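Inspection log for the structure reproduced underneath, given as structure tokens.
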Amino acid sequence: MTATAPQPGDALVPVGCGSMSHSEALAGVLTADRALPSRRIAGSDGYGWRSMLARTYHDPSVADEFETAPSAALLVVVVTNGAYTIEAKSGPRWHSAAYQPGSTGVTAPLRTSSLRWRAKSAEPLHSVHMYLYPDLVDEISHELGGMGMLRPHELPDSLAVDDGFITATGYVIAKAIEHRASPLYADSLAHSLTAHLLCTVQGRRPEEPRVMLGRTALHSLLGYLREHLHEDVTLDDLAGQANMSKYHLLRTFKRSTGTTPHRYLVRLRMRKAASLLRNSSQTVQQVMLACGYQSAAQFSAAFRREYGCAPGQYRRVIG
């Protein structure tokens, strides 16, 4: 089982940044259970699911204190069998929750925590872990009217969540693993679960800074960038879309998003490139063109700055 308590100092760390490269963080999704005392029963590895990785586990009846491994994914855990008391350490204190079938915990990206638990009976402990990929979370955030590129502190994070929809979805995904469900079916579940987490568990739409552009204008600009990733988008193009001077746009966009239009576009392109490298059979050159680059050297340099490795290496590690 994994769950977490907030960690000091990580509130302003965007997903994929910080002490690890984004490729390391995503690779951490694939190796996250190495830190667990649990035994993996089954997983969606190799099923072609594009939006999440899901695995089922047999958890030991007693787990002494251990530290979970961070990953770039938003992690949702649902208990499917057994009852136990789980504790998470926050500073010098331990916080506990009673887990039973249907209990849920949510861990924000890049978080680690110290956990321990003890079973209440001899009944086997089973759980399903759902790792929702960061590009899915960004996409859903934007579709809900947010800016995407969410930071860990803007995402749900709780040792115990009482939510029937999450519980039901966890049971369904556990069955989907067992029956090797199609990517279409699994990805639709991942989309629904992510939207529910952002809207319901979080209790509000994704947090946005106070802006000068206005919510509608900003959302329109961000949508334009997403729709034209493969094109040579200029500041003049965006200024025309916003009906303001490019100098005023540059100032207000940075104040609204914390970055420049060019840097935001590069991040979107890199997220798109990473998704294509993970989920498609396109060559690196085809991915490069789909993301608006004509130069292999420039594409590789931009990808390396964002993810810490070349596109081909990323595909080998993540794929």
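Every read-out reported here was derived from the displayed coordinates using simple, explicitly stated rules and does not represent laboratory data. As the structure is a prediction and not an experimental result, all values here were calculated from the model. All Cβ positions, glycine included, derive from the backbone under ideal geometry; neighbour counts span all protein chains shown.
Each principal axis of the Cα cloud of segment 215-318 was taken in turn, and the coordinate range along them, longest first, works out to 43, 23, 21 Å. Within the same chain, aspartates and glutamates fewer than 8 places from Lys246 are excluded, and of the rest, those with a Cα less than 17 Å from its Cα are Asp232, Asp236, Asp237. Placing pseudo-labels 7 Å out from each Cα toward the beta carbon at Ala122 and Thr200 gives an inter-label distance of 3.8 nm.
Of the peptides 263-269, 85-91, the ranking by mean beta-carbon count within 10 Å, highest at the top, reads 263-269, 85-91. Here the gap between Ser188 and Arg34, fully extended at 0.36 nm per residue and compared with their Cα-Cα distance, gives a gain of 52.6 nm. Largest first, the three principal axis extents of the alpha carbons in segment 22-201 are 43, 39, 31 Å in whole numbers.
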